[in-house]
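A.B. asks: Below you'll find the structure I mean.
The values are calculated or read from the model by the stated rules, or taken from the named source; none is laboratory data. All figures in this text were calculated on a predicted structure; none of them were measured in a lab. For neighbour counting, all protein chains shown are included, and Cβ atoms are generated from backbone atoms with ideal geometry for every residue, glycine included.
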Amino acid sequence: MSNQKKRNFQIEAFKHRVVVDPKYAEKTWKILEHAIHEIYNHNASGLSFEELYRNAYNMVLHKFGEKLYSGLVTTMTAHLKEISKSIEAAQGDLFLEELNRKWNDHNKALQMIRDILMYMDRTYIPNSRKTPVYELGLNLWRDNIIHSGKIQSRLLSTLLELVHRERTGEVIDRGLMRNTIKMLMDLGSSVYQDDFEKPFLEVSAEFYKVESQKFIECCDCGDYLKKAEIRLNEEIERIAHYLDVKSEAKITNVVEKEMIANHMTRLVHMENSGLVNMLLDDKYEDLGRMYNLFKRVPNGLSMIRDVMTSHLRETGKQLVTDAESSKDPVEFVQRLLDERDKYDKIICQAFSNAKTFQNALNSSFEYFINLNSRSPEFISLFVDDKLRKGLKGVSEEDVEIILDKVMMLFRYLQEKDVFEKYYKQHLAKRLLSGKTVSDDAERSLIVKLKTECGYQFTSKLEGMFTDMKTSQDTMQGFYANHPELAEGPTLVVQVLTTGSWPTQPTITCNLPTEMAALCEKFRSHYLGTHTGRRLSWQTNMGTADIKATFGKGQKHELNVSTYQMCVLMLFNNADRLSYKEIEQATEIPASDLKRCLQSMACVKGKNVLRKEPMSKDIGTDDAFFVNDKFTSKFYKVKIGTVVAQKESEPEKLETRQRVEEDRKPQIEAAIVRIMKSRRVLDHNNVIAEVTKQLQSRFLANPTEIKKRIESLIEREFLERDSDDRKLYRYLA
Amino acid sequence: MKKEDTVKLISAEGMEFVIDKEAAMVSQTIRNMLTSPGGFAEAEHGEVTFPEISAVILEKICQYFYWSLQYSRGKETDELFSFIIRMVFLSGRSTYVVRVLALCCIA
């Protein structure tokens, strides 16, 4: 149809609402400004959120965001300036309260403002890269209030004043402090650090410097440490209550430095109350406190350790070189054990069993135990004493404990082979005289030694035990085969393998005829079953039980050594015998004979013989009679058993010589072992390796090693290198 | 419905929509209004007036709130868009769509 108008569909562009009112922006802003005023004056209850939000939204939408933002800044700044005046006007203690109150108000107002200006926060601000509203509020607070000239210094001094008051014992308002500090933290960690923390740490350092000086003049070590601990805990508590957690490490550092680190040396060496006195008096609590406090300070613990080590070495050295204690080996070792127990307890209770302290203890003991060259012998004697009688009636666990402690001392010895020699001797005597208290204890100790030093160390000792057992079986076999001997004297023979037992020189001794016949029978029986062996009688180690009837008819059973038995049996055939006659008949060497006669004639209570003249010593012209007037309360009388004693000087030298002799082949074996694997090695390294290998047995002397090398070169096990005199080569 | 759990949304014409607070809180703006410290009038009386939103739009907005609560756990964006398109055609005043979106802070 031609009349129809064409309708054009126009698609209009998306238009914003046209700003009709030129002063629109100004008007809208005025509304918002008024609202902000009301908010700050706590009059917000009448306002409509929706209206304000809408207005802010519109301003931003119509590109007036800039105006809104700057207006906000100006208004807030103005308000804050007023607030700062009112805070400055506050008097004395009310200052902090006023500050806190105004801070809370500001916070609340800020949140409200942020809520209404939320749209601007989300659109205008990210686009123009300005600070968001909330952060802006905090920054303005910081700049206008906290950093305002009058308030800044006053705030700091008030806070520090309060802390100082609390340190001197007053009670302060902790809630107020906490809120104020939290305010500083909210404003930014740099504000907290610069405006409070740094000066706080400085003032604290000053305070503690003065206080520590005061204390150290008037207190003794233990008290000072108590006070330091109290102060430290106080500071930690203070942090927990109202300061930033991150400050804890810093303030504790300050306290530690001022109160502990600066006075460490003086405390430790304080007279009558320092570390050494604490150690001597077993003051566990004080020591524990010192340990905990010094642990916080660099070098604290090492100082304690060093002082303890030097003190321990001093006391140990005195103990060990003291002539008095050397007289009684059991006493000597017991004192060492007591000393070790004491320090073990201290380390356990006060130093929380720290490894470094244990090591210090061990090294000190190792140092002074080896200062006395008789330590190995004494330790062996101590064990001997315990195994003979000391452990009677002691329970199994206690036995183990004592043996373990002895093992600890054993570990400290450098010359373990000396110990081995003495132990072997003492063990032999114990076994042969049947004097050990508990077989189990003996074996247990052997096992411990084996764990410590290896099989080689204890193989011979175990051999000794095996010999004893075998001998029992042999005796049973002997009497089973010879039933006719059941009525005669009972013979008990211990067959000892030469290698296992300590070497003894064979001494002559004429046995009485009855005994001699019996011994021969045994010898033929034994050699009948074991061919190719040689038996030799060790008469100096035997014992005998003989029944004696004296003048008045009193009967006694005498327990004597073999020598003594020989002598006494002579009196069966004669009433009077001179020394010379006895000597001829028995063929016992002079010194042993004299000793044996002395124990029978001169000792009160055991004088089964009478001597003329009645002197203490045995002279070659003395005459002996049976003492008919001999009396004793007991039926069984023990005379002169062979007891392990501390060696006399010549014996000691002899043993030491033997030890040295034994060491030579061991050194040589070590050298050969090393050279065989290395083929070529220089002198210093050889010495080092040999010392290391032999460490578990003894401390090798370099000169001795050198001598052994020379000897090996002579015997063509090694040769010197033709070019380098210091180099050795192994010859296959 | 208890009084404390509800808010009243009032349109430009004066029509009142009483809905659950939880539904209203879907909108961040309304949430700020009601929870802002300082006692604005809205929070005190539990009423929010929108002088520039018509009743029709406000109705759709309330429907959106409830729909959002129901379906926001399994986000199905096709549904969302179709809902908005439906709403645009309904209103004819596109500026209000923008307002609503701003109100609900979907962006």
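A.B. asks: Just the residues that are of a type outside the set (S, T, N, Q) and either over 18 Å from A:Leu485 (Cβ atoms) or surrounded by 11 or more Cβ atoms within 10 Å (Cβ to Cβ) (or both), please, taken from the stretch A:521-536.
C.D. replies: Quick first cut of the stretch A:521-536, residues of a type outside the set (S, T, N, Q) only: A:521-523, A:525-528, A:530, A:532-535.
Residues satisfying the conditions are A:Lys521, A:Phe522, A:Arg523, A:His525, A:Tyr526, A:Leu527, A:His530, A:Gly532, A:Arg533, A:Arg534, A:Leu535.
A.B. asks: Mind counting the residues in the stretch A:128-171 that are polar (S, T, N, Q), touching a helix residue (DSSP H, G or I) at 6+ places or on another chain (Cβ under 8 Å) and in a helix (DSSP H, G or I)?
C.D. replies: Total meeting the criteria: 4.
A.B. asks: With the requirement that a residue be of a type in the set (S, T, N, Q), within 52 Å of the chain's Cα centre (by Cα) and not in a loop (DSSP other than H, G, I, E, B), what does the stretch A:523-562 give you?
C.D. replies: The answer is A:Thr539, A:Asn540, A:Thr543, A:Asn559, A:Ser561, A:Thr562.
A.B. asks: Follow-up question, since we're still on this one. Within the stretch A:135-157, which residues are over 57 Å from the mean Cα position of the chain (by Cα) and surrounded by 16 or more Cβ atoms within 10 Å (Cβ to Cβ)?
C.D. replies: Passing the criteria: A:Leu136, A:Gly137, A:Leu140, A:Trp141, A:Asn144, A:Ile145, A:Ser148.
A.B. asks: Let me ask you something else. Take A:Gly71 and decide whether it is more than 10 Å from chain B (Cβ to nearest Cβ) and surrounded by fewer than 16 Cβ atoms within 10 Å (Cβ to Cβ).
C.D. replies: Answer is no for this residue.
A.B. asks: Still on this structure, please answer the following. State which residue is farthest from A:Leu110 (Cα to Cα) when the search covers only the stretch B:20-33 and only residues that are surrounded by fewer than 20 Cβ atoms within 10 Å (Cβ to Cβ) and in contact with a strand residue (DSSP E or B) (Cβ under 7 Å, 6 or more places away or on another chain).
C.D. replies: So the residue we want is B:Asp20.
A.B. asks: Note down all Cβ pairs under 9 Å where the first residue falls in the stretch A:467-479 and is within 24 Å of A:Gly499 (Cα to Cα), the second is assigned to a helix (DSSP H, G or I) and of a type in the set (Gly, Ala, Ser), and they're at least six residues apart or on different chains.
C.D. replies: none
A.B. asks: Against the condition at pLDDT 75 or above and under 30 Å from A:Asn372 (Cα atoms), how does A:Glu612 come out, does it pass? Spell out how you get there, then give the answer.
C.D. replies: On the way: at pLDDT 75 or above: yes; under 30 Å from A:Asn372 (Cα atoms): no.
For A:Glu612, the condition - at pLDDT 75 or above and under 30 Å from A:Asn372 (Cα atoms) - is not met.
A.B. asks: For A:Ala90, all conditions in the list (1) hydrophobic (A, V, I, L, M, F, W, C); (2) under 20 Å from A:Ile39 (Cα atoms); (3) touching a helix residue (DSSP H, G or I) at 6+ places or on another chain (Cβ under 7 Å) hold save one; what is the number of the exception?
C.D. replies: Of the numbered conditions (1) hydrophobic (A, V, I, L, M, F, W, C); (2) under 20 Å from A:Ile39 (Cα atoms); (3) touching a helix residue (DSSP H, G or I) at 6+ places or on another chain (Cβ under 7 Å), the odd one out for A:Ala90 is (2).
A.B. asks: For the stretch A:249-279, enumerate the residues that are surrounded by fewer than 17 Cβ atoms within 10 Å (Cβ to Cβ), in contact with a Leu (Cβ under 8 Å, 6 or more places away or on another chain) and closer than 17 Å to A:Phe215 by Cα.
C.D. replies: Matches in the stretch A:249-279: A:His269 only.
A.B. asks: Please go through the stretch A:39-65 and give me each residue that is more than 10 Å from chain B (Cβ to nearest Cβ) and of a type in the set (A, V, I, L, M, F, W, C), ordered by number.
C.D. replies: Residues satisfying the conditions are A:Ala56, A:Met59, A:Val60, A:Phe64.
A.B. asks: Still on this structure, please answer the following. Please give the helices (runs of 4 or more DSSP H) falling wholly within the stretch A:332-444 in which 2 or more residues are farther than 16 Å from A:Gly316 by Cβ, among the polar types (S, T, N, Q) and in contact (Cβ under 8 Å) with a residue 24 or more places away in the chain.
C.D. replies: A:416-433
A.B. asks: Which ones in the stretch A:36-59 are of a type in the set (A, V, I, L, M) and either part of a helix (DSSP H, G or I) or touching a Pro at 6+ places or on another chain (Cβ under 7 Å) (or both)?
C.D. replies: A:Ile36, A:Ile39, A:Ala44, A:Leu52, A:Ala56, A:Met59 - these are the residues of the stretch A:36-59 that are of a type in the set (A, V, I, L, M) and either part of a helix (DSSP H, G or I) or touching a Pro at 6+ places or on another chain (Cβ under 7 Å) (or both).
A.B. asks: In the stretch A:447-457, which residues are within 21 Å of A:Leu496 (Cα to Cα) and either more than 33 Å from the chain's Cα centre (by Cα) or surrounded by fewer than 18 Cβ atoms within 10 Å (Cβ to Cβ) (or both)? Lay out the reasoning, then the answer.
C.D. replies: Pass one, the stretch A:447-457, residues within 21 Å of A:Leu496 (Cα to Cα): A:455-457.
Of everything in the stretch A:447-457, those that are within 21 Å of A:Leu496 (Cα to Cα) and either more than 33 Å from the chain's Cα centre (by Cα) or surrounded by fewer than 18 Cβ atoms within 10 Å (Cβ to Cβ) (or both) turn out to be A:Tyr455, A:Gln456.
A.B. asks: Another question, if that's okay. Go through the stretch A:570-584 residue by residue and tally those that are of a type in the set (A, V, I, L, M) and either part of a helix (DSSP H, G or I) or within 60 Å of the chain's Cα centre (by Cα) (or both).
C.D. replies: 2
A.B. asks: Let me ask something else about it. Give the number of residues within the stretch A:311-331 that are closer than 16 Å to A:Tyr367 by Cα and touching a residue at least 40 places away in the same chain (Cβ under 8 Å).
C.D. replies: Matching residues across the stretch A:311-331 total 7.
A.B. asks: Quick one: A:Thr131 ticks every box in (1) farther than 22 Å from A:His34 by Cβ; (2) more than 14 Å from chain B (Cβ to nearest Cβ); (3) in contact (Cβ under 8 Å) with a residue 40 or more places away in the chain bar one, so which box is it?
C.D. replies: (3)
A.B. asks: For the stretch A:85-120, what are the residues that are touching a residue at least 12 places away in the same chain (Cβ under 8 Å), away from chain B (no Cβ under 11 Å) and either within 30 Å of A:Arg54 (Cα to Cα) or part of a loop (DSSP other than H, G, I, E, B) (or both)?
C.D. replies: The answer is A:Lys102, A:Trp103, A:His106, A:Met120.
A.B. asks: Could you tell me whether the stretch A:318-332 includes any residue that is under 30 Å from A:Lys295 (Cα atoms) and either in contact with a Gly (Cβ under 8 Å, 6 or more places away or on another chain) or among the β-branched types (Val, Ile, Thr) (or both)?
C.D. replies: No - not one qualifying residue is present in the stretch A:318-332.
A.B. asks: Can you tell me which residues in the stretch B:34-60 are of a type in the set (D, E, K, R) and either in contact with a Phe, Trp or Tyr (Cβ under 9 Å, 6 or more places away or on another chain) or loosely packed, with under 15 Cβ neighbours inside 10 Å (or both)?
C.D. replies: B:Glu42, B:Glu44, B:Glu52, B:Glu59, B:Lys60
A.B. asks: List pairs: first residue in the stretch A:531-544 and more than 12 Å from A:Pro505 (Cβ to Cβ), second residue assigned to a loop (DSSP other than H, G, I, E, B) and not aliphatic (A, V, I, L, M) anywhere in the structure, Cβ distance under 8 angstrom, at least six positions apart or on different chains.
C.D. replies: Pairs that qualify, where the first residue is more than 12 Å from A:Pro505 (Cβ to Cβ) and the partner is assigned to a loop (DSSP other than H, G, I, E, B) and not aliphatic (A, V, I, L, M), are A:Trp537/A:Thr506; A:Trp537/A:Cys509; A:Thr543/A:Thr641.
A.B. asks: Now for a separate question. Kindly indicate whether any position in the stretch A:280-289 is within 23 Å of A:Lys405 (Cβ to Cβ) and surrounded by 17 or more Cβ atoms within 10 Å (Cβ to Cβ).
C.D. replies: yes
A.B. asks: Still on this structure, I have one more. Within the stretch A:586-602, work out how many residues are crowded, with 18+ Cβ neighbours inside 10 Å and hydroxyl-bearing (Ser, Thr, Tyr).
C.D. replies: 2
A.B. asks: May I pose another question? If A:Arg697 passes every condition in (1) under 20 Å from A:Asp417 (Cβ atoms); (2) without any contact (Cβ under 8 Å) to a residue 12 or more places away in the chain; (3) among the basic types (Lys, Arg) but one, which one does it miss?
C.D. replies: A:Arg697 satisfies every listed condition except (2).
A.B. asks: Among the helices (runs of 4 or more DSSP H) contained in the stretch A:197-286, which hold 3 or more residues that are out of contact with any strand residue (DSSP E or B) (no Cβ under 9 Å at 6 or more places or on another chain) and over 25 Å from A:Arg165 (Cα atoms)?
C.D. replies: Numbers: elements: A:198-218, A:221-242, A:247-255, A:264-268, A:275-281.
Output list reads A:264-268, A:275-281.
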